[in-house]
2 protein chains.
Amino acid sequence: MSETENLSLAAIEALSFDALRRAGASEPQARPLARDTAVTEAMGVASHGLAYIPIYAEHLRCGKVLGEAVPSVETPRPAAVVVSAGNGFAHAAIDAGLPLAMDAARSQGIAVLSIRESYNCGVLGVHALRIAQSGLVGLCFTNAPASIAPSGGATPVVGTNPIALGAPDGAGGASLLIDQSASAIAKSEVMKHAREGKPIPEGWALDAEGKPTTDPNVGLKGSMAPAGGYKGVGLGLIVETFAAALSGAVLGKDASPFSGPVGGPPATGQCFVLIDPDATSGGEFAGRMAALTQAITAQPGARLPGVNRQSAMERAEQNGVDVSAAILERVRAI
Amino acid sequence: MSETENLSLAAIEALSFDALRRAGASEPQARPLARDTAVTEAMGVASHGLAYIPIYAEHLRCGKVLGEAVPSVETPRPAAVVVSAGNGFAHAAIDAGLPLAMDAARSQGIAVLSIRESYNCGVLGVHALRIAQSGLVGLCFTNAPASIAPSGGATPVVGTNPIALGAPDGAGGASLLIDQSASAIAKSEVMKHAREGKPIPEGWALDAEGKPTTDPNVGLKGSMAPAGGYKGVGLGLIVETFAAALSGAVLGKDASPFSGPVGGPPATGQCFVLIDPDATSGGEFAGRMAALTQAITAQPGARLPGVNRQSAMERAEQNGVDVSAAILERVRAI
């Protein structure tokens, strides 16, 4: 095992905040991202926590993210909140619009928060969890540079485009937390195999002609396999419709990469739908969700989505997180 | 090939209407279902068109559907429309609430229509298409008796729970129409193989211990395989959260079967989210959708979801539909 250092969540946030500030982010740009980096580490998703801070810093320096951006917020209709992130971080734009969208969902029953001129929003489930913690159901969409081809085709048209659901438990937490991409496997896994010179299992990626491949480098030049075949493509298209078309954001097929310094701001988008269960369920929501999740947890070996992340968060609150020393060194060097 | 008879869409609707009336449905219960039966035949989904009328008639006669039910509609918040179908047909309940939800989506930017004490709503994409034809984006959810087990478990907790998206094209039609279930394959396909005594391919169904099976009868006593493994389960849970928990409808795990005469009304639910793209996209929606769908249709052999159904509808408007004579005989015998 590689060397680790134990950090409290407050220390992770402070370290992230300072690094983002040094790389050129304003305080309002750095704070929400630093906070959510700590939440991401608490959830146990190390790949998208502190390990991403050096990438964010690179993107601040090359102009892929504008560190002084100020999100602009409009409410064109009572239940619609529209934010332009101004090519700053997605997290600052979400912070600018989400409280308004939460208020609108409570008063109107449902609300939509759409965000354009945005960027990679990190772990989508972090935002869905926050909506659930506020007592609302959150259905979240975010798009990404295209990497999945349509069924029968070979050229990518949508990204790994995740969808996330956060359902409130009536006690300030989540009864259900789902966060899943449209691809069979995360693109970062294929990139890791490429770096390590290892073949990938069949079913992860396709070559430039749309044929299965076990060579990660060939797969990265081709496309990611959709989860469940054409149904994964369908889900990616649903997410693209919400995150890009409904938000007026840049389509994944036209977006600059989320990695590396070239291409300028990706200007991709997010769309969050928030619903107040008290408006629609006749008081039945919490009971229905408890019965549904208990039908899963009552089965030996059955997996309830999101449970691992939520129990990791409880442990992290108490005991902090063991972070890779190599990653800490890179973050501190910024 | 079996014998067929060519019917106009108006004739299919009239035949369906008369059969439903004779089986005990009131005029307001029969009309919307007859209309959508014709739309379903026009789309080329024969399995859920006239072939379902004898099942509907059986369910009217055994009390699984109340033919005299009157849906009750409430608008508890400006953007939330809540309907109880009163254990009548889902279609009458949708007709009762959808116009209000469409108006609310236009004035508020987004609206939710939730329906409880409902029933099988037929092809979900029929409703998503109708929303798209009104110029709104529709994201539709409906639940069903449980047939999919959680990952690592063996007892079904959610149904094949479809999700459907209808996106408007700005000209009274749909630029994108997606309608897909959470299972790898439709349950009706497994039932068909069982009837015909044929083995099913591996990956369609699981036995009562959650292990793969090629015996359709064993699969029907076990569970349907989710599409894309745990991601299909996740999608089924998202749909269940919307269609059952948010609507206060009966969970799939507690619902009576959609087939056969026993168990009384299933009392399952629907939830439709409607969004006005003019509220959120800054006028970019139609252009983004056109660019997205063209990126698919420009690839030789690539499949754009929903295109086959929409071109079938155009042909059916002109030329009617060739309907199985055996099915017609059964409908006319009601």
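The values are calculated or read from the model by the stated rules, or taken from the named source; none is laboratory data. Bear in mind that the values here come from a model prediction, so they are computed numbers and not experimental data. Backbone-built Cβ (ideal geometry, glycine too); neighbour counts: all protein chains shown. Remember, those area values only see protein heavy atoms, side chains included, never the ligands or the DNA or RNA. Shrake-Rupley method; radii C 1.70, N 1.55, O 1.52, S 1.80 Å.
For the chain pair B and A, the interface hides roughly 5900 square angstrom of accessible area in total, found with a 1.4 Å probe. Using DSSP loop states and a limit of at most 15 other Cβ atoms within 10 Å to flag GluC sites (Glu not before Pro), what is the longest stretch of chain A containing no flagged site? Excluding the exposed sites themselves, the longest stretch runs over A:69-201. Expressed as a fraction of 2.2 N^0.38 Å, the C-alpha radius of gyration for chain B is 0.98. Overall form of the range A:28-141: oblate. Here a/c, set by the Cα gyration tensor axes a ≥ b ≥ c, is 1.5 or more, and a/b is not larger than b/c.
Counted over the range A:93-155 with a bin width of 5 Å, the fraction of Cα pairs per bin, in whole percents, is 3, 15, 24, 21, 12, 9, 7, 5, 2, 0. If you take the alpha carbon atoms of the range A:155-208 and fit the smallest convex hull around them, that volume is 109 Å³ per residue. Per residue, the convex hull spanned by the Cα atoms of the range B:118-266 amounts to 116 cubic angstrom. Can you pull the percent of the range A:74-127's accessible area that's carbon plus sulfur, 1.4 Å probe, other chains left in place? After summing per-atom areas, the C and S share lands at 48 percent.
With contacts taken as Cα pairs under 8 Å and at least 6 residues apart, chain A reaches a relative contact order of 23 percent.
Net charge in the neighbourhood of B:W204 (other residues with Cβ under 10 Å of its Cβ; Lys, Arg +1, Asp, Glu -1) is -1.
Solvent-accessible surface, computed for protein heavy atoms with a probe of 1.4 Å, shrinks by 20 Å² or more for the following residues of the range A:239-258 when the other protein chains are added to the isolated chain: A:T241, A:F242, A:A245, A:L246, A:G248, A:L251, A:K253.
Residues whose amide H falls under 5 Å from that of B:D215, counting only those 5 or more places apart or on a different chain, are B:I200, with hydrogens built in the peptide plane. Sorted from closest to farthest, the other copies place their B:R61 label points 7.8 nm away, with each point set 7 Å from Cα along Cα→Cβ. Residue-level result for chain B: its Cβ closest to the axis carrying B onto A, with that distance in Å, is B:G228, 1. Of the accessible area of the range B:168-268, with the probe set at 1.4 angstrom, what percent is carbon plus sulfur? With neighbouring chains kept in place, the figure for the range B:168-268 is 55 percent. Across the protein assembly as shown, Cα-Cα distances exceeding 43 Å account for 20% of all pairs.
Other protein chain C-beta atoms within 10 Å of residue C-beta, averaged over A:301-312: 3. Phi angles of the range A:228-237 translate, via the Karplus equation with coefficients 6.51, -1.76, 1.60 and θ = phi - 60°, into HN-Hα couplings of x, x, 4, 6, x, 4, x, 5, x, 6 Hz per residue; Gly and Pro are given as x.
Remark: label point of B:G264 defined 7 Å out from Cα along the Cα-Cβ vector; separations to the same position in other copies 6.4 nm, ascending. For A:T4, the residues whose modelled amide H falls within less than 5 Å of its own, excluding neighbours fewer than 5 places apart on the same chain, are A:A325.
Where the alpha-carbon atoms of the range A:197-302 are placed on the principal axes, they occupy 51, 41, 25 Å, in descending order.
For the range B:125-260, the solvent-accessible area with a 1.4 angstrom probe is 31 square angstrom per residue. Carbon-plus-sulfur accessible fraction, the range A:1-64 (probe radius 1.4 Å, protein heavy atoms only): 54%.
Taking all protein chains as they are arranged and a probe of 1.4 Å, the heavy atoms of A:V273 leave approximately 0 Å² accessible to solvent. Rounded to the nearest whole Hz, the Karplus-based 3J(HN,Hα) values (6.51 cos²θ - 1.76 cosθ + 1.60, θ = phi - 60°) of the range A:288-300 follow the sequence 4, 5, 4, 5, 5, 6, 5, 5, 8, 5, 6, 8, x, with x at glycine and proline. Each Lys and Arg Cβ is given +1 and each Asp and Glu Cβ -1; about its Cα centre, chain A then shows a dipole of about 420 debye. Which log10 I(q)/I(0) values does the range A:265-331 give at q = 0.12, 0.18, 0.29 Å⁻¹ under the Debye formula, counting every alpha carbon as one identical point scatterer? Values, matching the q order: -0.68, -0.99, -1.13.
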